[in-house]
Amino acid sequence: MAAGLRKIGVDYVVSDDFAVAMVQEQAAKAIEAKLAGGGTVVVTNSPAAVKFVNSNFAELAPEMIVCDSAQQAFGHYVKTSFAAAKQLDAAKIRTISITNDNENAAEAHESGSVDFVVNARELYRIFLRTGVDLKKRRPSELDSLAASASAERTGLLAPVTWQMEGEAGEQTLKLGGEEVKAAVAYNLGQSRKLLDDLKAGSAAYHVVQLNA
């Protein structure tokens, strides 16, 4: 895919790994500080989940940690640190996010995190219109934008696969040298269940991650 994107004029093609690592580091620091005060920490980087909490669990909203999404971290990094390092005019840089869901597009529209969001189906049509046959393109390596990609990964706020049914996921995180129990909600139904438990005082987790 990288070769195809370069063929249609994209100058730099990168994985979002470095952006995810940046977000995880930001989240880990915020959660460590919050856990020191006791109780359960609610964290999300999903704009839809933030709206859901504000509408349905307003009393929990002030306690929620809202982190940047990987898309927001990517867009900000490219137009600040990367632009400065490459001596580029940030106003002339156009950022494109290749995604598999519509939440990223809604986020970009509301926050301006990136300039364009293209899903896989739209990208396929672009390749068809421009005559790019990926089977005939020589594989091309991804570019590297930041050393942050090598940062320690906690697993927190990593991209998740949306699912309609089933239980929220569980994971053990290592924060500040200690292990904490976390729950990951993959959709708003699971988010509601976890938040209901939190309101009732029966939450069995130190950290609850919400996704839409």
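The values are calculated or read from the model by the stated rules, or taken from the named source; none is laboratory data. Quick caveat: nothing in here was measured; it's all calculated off a predicted structure. Don't worry about glycine lacking a Cβ; one is built from the backbone with ideal geometry, like all the others, and counts go over all protein chains shown.
The set of residues in region 27-43 that are surrounded by 17 or more Cβ atoms within 10 Å (Cβ to Cβ), touching a residue at least 40 places away in the same chain (Cβ under 8 Å) and not in a loop (DSSP other than H, G, I, E, B) comprises Ala27, Ala28, Ile31, Leu35, Val41, Val42, Val43.
One residue is enough: does region 77-91 have a residue meeting the conditions hydroxyl-bearing (Ser, Thr, Tyr) and in contact (Cβ under 8 Å) with a residue 40 or more places away in the chain? Yes, region 77-91 contains at least one residue that is hydroxyl-bearing (Ser, Thr, Tyr) and in contact (Cβ under 8 Å) with a residue 40 or more places away in the chain.
Restricting to region 174-194, and then to whatever is in contact with a helix residue (DSSP H, G or I) (Cβ under 8 Å, 6 or more places away or on another chain) and surrounded by 21 or more Cβ atoms within 10 Å (Cβ to Cβ), can you tell me which residue is nearest to Gly39 (Cα to Cα)? Residue satisfying both the conditions and the ranking: Ala183.
The listed residues are Asp143, Asp133, and the only one of them that is modelled with pLDDT of 85 or more, farther than 30 Å from Ala185 by Cβ and over 20 Å from the mean Cα position of the chain (by Cα) turns out to be Asp133. Only one entry in Phe82, Phe127 is out of contact with any Gly (no Cβ under 6 Å at 6 or more places or on another chain) and among the aromatic types (Phe, Trp, Tyr), namely Phe82.
Please specify each residue of region 195-211 satisfying the condition of being closer than 15 Å to Ala49 by Cα and surrounded by 21 or more Cβ atoms within 10 Å (Cβ to Cβ).
Leu195, Val208, Gln209, Leu210, Asn211
Scan region 169-187 for residues that are within 16 Å of Lys29 (Cβ to Cβ) and in contact with a Phe, Trp or Tyr (Cβ under 9 Å, 6 or more places away or on another chain) and jot them down. Across region 169-187, the qualifying residues are Val180, Ala182.
Taking the criterion of being surrounded by fewer than 19 Cβ atoms within 10 Å (Cβ to Cβ), not in a helix (DSSP H, G or I) and not hydrophobic (A, V, I, L, M, F, W, C), the residues of region 56-92 that qualify are Lys86, Gln87, Asp89.
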